[in-house]
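The values are calculated or read from the model by the stated rules, or taken from the named source; none is laboratory data. Small disclaimer: the values here were computed from a predicted structure and weren't measured. Please note: Cβ atoms are built from the backbone with ideal geometry, for glycine as well, and neighbour counts cover all protein chains shown.
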Amino acid sequence: MGLGTIYVVPSHIEPFFWLIIFIICAYLIAKYAPGKYFLHGLLVSIVNSIWITAAHVLLFYQYIAAHPEHLQMVATMPPALAEHPRRVMLLIGPMAGIASGIILGLFAWLASKIVKRSPAI
């Protein structure tokens with residue numbers, strides 16, 4: 001999704017892609033994780049936020065071309081942040097990872113109540 005949100009996925013349909021990704025990840029966590037489903041979901045999203053944030057920061061100009069609303073949001077922040085939109089991405093990325101991790105963790109926990117686990121190999 002890091003590169004997808006830069007080049008392919010428009011922001012108005014991005015939430016639908018995330019929903020599909022969360023459902024698939026929750027299923028896989030419930031099916032294959034050895035337990036602690038919420039924690040696995042949380043950590044998957046936190047790690048995922050690292051490379052998504054890195055992609056957005058490294059490809060900043062391409063990202064902004066596809067998501068001008070990000071600059072509009074940053075412009076409303078205090079001047080110390082508004083002058084550095086890449087730094088704002090570095091701050092928001094981990095917070096988004098934690099927030100999405102809580103959601104994925106809940107999805108994974110719920111999926112663990114529904115999905116039958118694979119036998120250990």
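Yes or no, residue by residue, for (1) more than 24 Å from R117 (Cα to Cα); (2) hydroxyl-bearing (S, T, Y); (3) under 14 Å from the mean Cα position of the chain (by Cα):
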{"residue": "L3", "(1), (2), (3)": "yes, no, yes"}
{"residue": "I24", "(1), (2), (3)": "no, no, yes"}
{"residue": "F60", "(1), (2), (3)": "yes, no, no"}
{"residue": "A66", "(1), (2), (3)": "yes, no, no"}
{"residue": "M89", "(1), (2), (3)": "yes, no, yes"}
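Residues to consider are G93, G105, G41, G101; find the one that is part of a helix (DSSP H, G or I), surrounded by 15 or more Cβ atoms within 10 Å (Cβ to Cβ), touching a Cys at 6+ places or on another chain (Cβ under 8 Å) and at pLDDT 90 or above. Quick ask: steps written out before the conclusion?
On the way: G93 fails: touching a Cys at 6+ places or on another chain (Cβ under 8 Å); G105 fails: touching a Cys at 6+ places or on another chain (Cβ under 8 Å); G101 fails: touching a Cys at 6+ places or on another chain (Cβ under 8 Å).
Every option except G41 fails the conditions.
Can you name the residue in segment 8-19 that is exposed (fewer than 12 other Cβ atoms within 10 Å of the Cβ) and not in a loop (DSSP other than H, G, I, E, B) and, of all such residues, is nearest to the chain's Cα centre (by Cα)?
We begin by selecting, within segment 8-19, every residue exposed (fewer than 12 other Cβ atoms within 10 Å of the Cβ); these are 8, 10, 12-13, 15-16.
Next, only the ones that are not in a loop (DSSP other than H, G, I, E, B) stay: 15-16.
Working: P15: 10, F16: 13 Å.
Ranking the qualifying residues of segment 8-19, first place goes to P15.
With the structure loaded, tell me whether A33 is under 18 Å from S112 (Cβ atoms), surrounded by 15 or more Cβ atoms within 10 Å (Cβ to Cβ) and of a type in the set (A, V, I, L, M) or whether it fails that test. Explain how you work it out, then say what you get.
Values: under 18 Å from S112 (Cβ atoms): yes; surrounded by 15 or more Cβ atoms within 10 Å (Cβ to Cβ): yes; of a type in the set (A, V, I, L, M): yes.
Taking the combined requirement at face value, the residue satisfies it.
Identify the residue in segment 57-94 that is without any contact (Cβ under 8 Å) to a residue 12 or more places away in the chain and small (G, A, S) and, among all such residues, is farthest from T5 (Cα to Cα).
That would be A80.
Have a look at A80, A55 and point out the one that is surrounded by fewer than 16 Cβ atoms within 10 Å (Cβ to Cβ) and either among the small types (G, A, S) or not in a helix (DSSP H, G or I) (or both).
Details: A55 fails: surrounded by fewer than 16 Cβ atoms within 10 Å (Cβ to Cβ).
Answer to the check: A80.
Before we move on, is G2 at pLDDT below 85 and either assigned to a loop (DSSP other than H, G, I, E, B) or buried (at least 16 other Cβ atoms within 10 Å of the Cβ) (or both)? Before the answer, list the steps.
Values: at pLDDT below 85: yes; either assigned to a loop (DSSP other than H, G, I, E, B) or buried (at least 16 other Cβ atoms within 10 Å of the Cβ) (or both): yes.
Considered against the rule, which asks whether it is at pLDDT below 85 and either assigned to a loop (DSSP other than H, G, I, E, B) or buried (at least 16 other Cβ atoms within 10 Å of the Cβ) (or both), G2 comes out as yes.
Quick one: in segment 58-76, which of the residues that are closer than 24 Å to S45 by Cβ and exposed (fewer than 15 other Cβ atoms within 10 Å of the Cβ) is modelled with the highest pLDDT?
Per the criteria, the residue is L58.
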